[in-house]
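Remarks on the structure that follows.
The values are calculated or read from the model by the stated rules, or taken from the named source; none is laboratory data. In this text, all values refer to a predicted model and were calculated from it rather than measured experimentally. Cβ: placed from backbone, ideal geometry, glycine included. Neighbour counts: every protein chain shown. Remember, those area values only see protein heavy atoms, side chains included, never the ligands or the DNA or RNA. Shrake-Rupley method; radii C 1.70, N 1.55, O 1.52, S 1.80 Å.
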Amino acid sequence: MQETATAAPGGPVYPVRFDVEYSENLSRWLIFVKWLLAIPHLIILYALWLVVYVIIVIAFFTILFTKKYPRGLFDFVVGVLRWQANVTAYVGLMRDEYPPFSWEPGKYPVTFEADYPQELSRFGPWYKWLLIIPNLIVLILVMLVAYVLWIIAFFAILFTGKFPRGMFDFIVGTLRWNARANAYAFDLLTDEYPPFSMK
């Protein structure tokens, strides 16, 4: 599975990466039942997110005192986010393959990776939520457009069996932007401010 670079060639790559491989053909009937088939995943993810919320609180104080996100906790959070990304791609009509009950990388045509930071700002968790607000305002507007495109794509798949490539790329880009913003401000995975970009 090929990861999508998040910067121009030779430039820096953002430490959180998300991508979904484009599928040339999609099932016309699965679009009606994917949400139903995904319910077991959603139940497990709900339980895992309860653990993630506790981990983020622990990480908050650990970063405050040590400037480090405990590696095991970091990997757990990234794993849950990867699992969620797989399910999102499936329920979001981007892939037909049923996602695995796993957060291991390479088991599904979706990329979610985060580079482990050797050191984080001690006081970053106190102010990141405030710094991200301008980013979120623009992102919300982009997400509204993506939602409209997703509805159009539903009917395109129904009649043609294809997710229009331009719409697909826009929606994946929106999810990429959302993943970066959350990783920075709320999951505390990085200190690098997310770009105002879907690439």
(message) Looking only at the stretch 167-187, filter to residues that are β-branched (Val, Ile, Thr) and surrounded by 22 or more Cβ atoms within 10 Å (Cβ to Cβ); which one of those is nearest to Asp75 (Cα to Cα)?
(response) Val172
(request) Just need a number here: residues in the stretch 62-103 that are under 17 Å from the mean Cα position of the chain (by Cα), closer than 24 Å to Gln118 by Cβ and in a loop (DSSP other than H, G, I, E, B). (result) 1
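So, Ala146, is that one of a type in the set (Gly, Ala, Ser), at pLDDT 95 or above and either closer than 24 Å to Ile39 by Cα or in contact with a strand residue (DSSP E or B) (Cβ under 9 Å, 6 or more places away or on another chain) (or both) or not? Quick ask: steps written out before the conclusion?
Numbers: of a type in the set (Gly, Ala, Ser): yes; at pLDDT 95 or above: yes; either closer than 24 Å to Ile39 by Cα or in contact with a strand residue (DSSP E or B) (Cβ under 9 Å, 6 or more places away or on another chain) (or both): yes.
Considered against the rule, which asks whether it is of a type in the set (Gly, Ala, Ser), at pLDDT 95 or above and either closer than 24 Å to Ile39 by Cα or in contact with a strand residue (DSSP E or B) (Cβ under 9 Å, 6 or more places away or on another chain) (or both), Ala146 comes out as yes.
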(message) Residues to consider are Pro125, Pro99, Pro109; find the one that is of a type outside the set (Gly, Ala, Ser) and in contact with a Leu (Cβ under 7 Å, 6 or more places away or on another chain).
(response) Pro125
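Identify, please: which residue in the stretch 154-163 is outside any helix (DSSP H, G or I) and open to solvent by less than 40 Å² (accessible area, probe 1.4 Å) and is, among those, farthest from Val87 (Cα to Cα)? Give the derivation first.
In the first step, residues of the stretch 154-163 are kept if they are outside any helix (DSSP H, G or I); the result is 161-163.
Pick out the ones that are also open to solvent by less than 40 Å² (accessible area, probe 1.4 Å) and you get 161, 163.
Details: Gly161: 20, Phe163: 17 Å.
Step by step, filter the stretch 154-163, then rank; the result is Gly161.
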(message) Quick check on the stretch 86-109: of everything there that is of a type in the set (Ser, Thr, Tyr) and within 22 Å of Tyr147 (Cα to Cα), which residue is least open to solvent (accessible area, probe 1.4 Å)?
(response) Tyr90
(message) Looking for something modelled with pLDDT of 95 or more, farther than 27 Å from Ala185 by Cα, touching a helix residue (DSSP H, G or I) at 6+ places or on another chain (Cβ under 7 Å) and open to solvent by less than 30 Å² (accessible area, probe 1.4 Å) - is there at least one such residue anywhere in the stretch 33-49?
(response) yes
(message) With the requirement that a residue be modelled with pLDDT of 95 or more and either part of a loop (DSSP other than H, G, I, E, B) or hydroxyl-bearing (Ser, Thr, Tyr) (or both), what does the stretch 3-22 give you?
(response) Pro15, Glu21, Tyr22
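Quick check on Trp129: is it in a helix (DSSP H, G or I), open to solvent by 10 Å² or more (accessible area, probe 1.4 Å) and at pLDDT below 95? So that I can check it myself, show each step before the final result.
Numbers: in a helix (DSSP H, G or I): yes; open to solvent by 10 Å² or more (accessible area, probe 1.4 Å): yes; at pLDDT below 95: yes.
Against the criterion (in a helix (DSSP H, G or I), open to solvent by 10 Å² or more (accessible area, probe 1.4 Å) and at pLDDT below 95), Trp129 qualifies.
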(request) Sort out which residues of the stretch 170-195 are over 19 Å from Asp115 (Cα atoms) and either touching a Phe, Trp or Tyr at 6+ places or on another chain (Cβ under 8 Å) or basic (Lys, Arg) (or both), and write them in order of number. (result) Ile171, Val172
(request) Please give the number of the condition Thr190 fails out of (1) in contact with a Leu (Cβ under 9 Å, 6 or more places away or on another chain); (2) surrounded by fewer than 21 Cβ atoms within 10 Å (Cβ to Cβ); (3) hydroxyl-bearing (Ser, Thr, Tyr). (result) (2)
(message) Exactly one condition in (1) open to solvent by less than 40 Å² (accessible area, probe 1.4 Å); (2) assigned to a helix (DSSP H, G or I); (3) without any contact (Cβ under 8 Å) to a residue 24 or more places away in the chain is false for Ile137; which is it?
(response) (1)
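Do we have any residue at all in the stretch 21-37 that's within 20 Å of the chain's Cα centre (by Cα) and closer than 23 Å to Arg180 by Cα? Give the steps one after another, and end with the answer.
Taking the stretch 21-37 and keeping what is within 20 Å of the chain's Cα centre (by Cα), we get 21-23, 34-35.
Of the ones still in play, those that are also closer than 23 Å to Arg180 by Cα are 21-22.
Yes, because at least one residue in the stretch 21-37 is within 20 Å of the chain's Cα centre (by Cα) and closer than 23 Å to Arg180 by Cα.
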